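Let me begin by presenting the structure, written as structure tokens, before commenting on it.
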Amino acid sequence: MNLFRFCSGLKVLGYFMILLVIAFVAVSYYAVVVNTWWPILIETNHRALSALASLIILVFHFLLIMLLWSYFTVVFTDPGSVPEHFRRELGGDSLEAGASTEQGAFGYCPKCRNVKPPRCHHCSVCQRCVFKMDHHCVWIVNCVGARNYKFFLLFLLYTFLETMLDVVVLLPSFIEFFSQAIKHSSSPGQLASLVLAFVLNLAFVLSLLCFIVMHLSLISTNTTSVEVHEKSGDVRWKYDLGKKNFEQVFGKKKAFWLLPLYSKDDLVNITSLQGLEFPTRSDIDP
């Protein structure tokens, strides 16, 4: 039995997960906008309540746009992989045992039969080596690596903010759910969508909070999820650049930090975004 072929088959699950994300967004949109706050906006004569409904709908749509923008960017952005011809360009068969070049120490991947740059790892699902691989994510049918890690983090951030907003604005209606159910004052479809949206959003808030805290910890030390298991004891991580760790992921241009894209200057000047060369601490031997 070839386990690697089984792993590559998980891509099919990923396409289902994309549909699941779209379905989750649709249910939340119906519960928050269509079923709850849009009727309040058009029916109420109370200025304060009308202004609150307008604000909630505006913020909801802004976060939804940023969420979807970040999501589809990370889905369709290649995290970076070693080109097939890279092995020949760097010296051919002699690199199978590992070698050093001007760009640093290169290893060799027997599965890809190609050289493996620093911080590069083989993905059994994608069947290739991925630059600065963090993990393979079934939710995006893609690996998270050097070139799309920022987009993945922004997807987590905006999804967390969106689901948190949904939980807060649906909470009053959720509290009234039982009384409405007893009085039959709402249709079964409305009640079902409200409960489903509230429970799902609450579950996502709690799980996403854990993921965000974990990845903030990884960014603070310039480490990936894979490299956590490679760091040895109390030895200082050579890629830990202190205050510059954040820039290695999000770039130096502050105007682009919360957008799922990079400035041209950052793409050219920050080599870690290309996944081949990574700056190291000057006080630690390479």
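The values are calculated or read from the model by the stated rules, or taken from the named source; none is laboratory data. Computed from a predicted structure; not experimentally measured. In this analysis, Cβ positions are derived from the backbone assuming ideal geometry, glycine residues included, and neighbour counts consider all displayed protein chains. We work out accessible area using only protein heavy atoms, side chains counted, and drop any ligands, DNA or RNA first. Shrake-Rupley method; radii C 1.70, N 1.55, O 1.52, S 1.80 Å.
Some values worked out for this structure:
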item: Relative intensity, log₁₀ I(q)/I(0), of segment 217-272 from a Debye sum that treats every alpha carbon as a point, q = 0.17, 0.28, 0.31 Å⁻¹; result: -0.60, -1.13, -1.26
item: Selected from Val268, Ser282, Trp257, residue furthest toward positive end of dipole (segment 213-286; charges at beta carbon); result: Trp257
item: Cut-off under 5 Å, modelled amide H: who pairs with Phe106 long-range; result: Ala99, Ser100, Thr101
item: Cross-link pairs Lys150/Lys238; Lys111/Lys254; Lys132/Lys243; Lys116/Lys252; Lys111/Lys252 - those with Cα-Cα distance over 29 Å; result: Lys111/Lys254; Lys111/Lys252
item: Accessible area (Å², 1.4 Å probe, nearest 10) - Thr36; result: 20 Å²
item: Förster radius 45 Å - calculated FRET efficiency between Ser50 and Leu19, Cβ distance, rounded to 0.05; result: 0.80
item: Interchain or long-range residues, amide H under 5 Å from His121's placed H; result: Val130, Lys132, Met133
item: Distance in nm between pseudo-label sites at Val168 and Ser282 (7 Å out along the Cβ direction from Cα); result: 4.4 nm
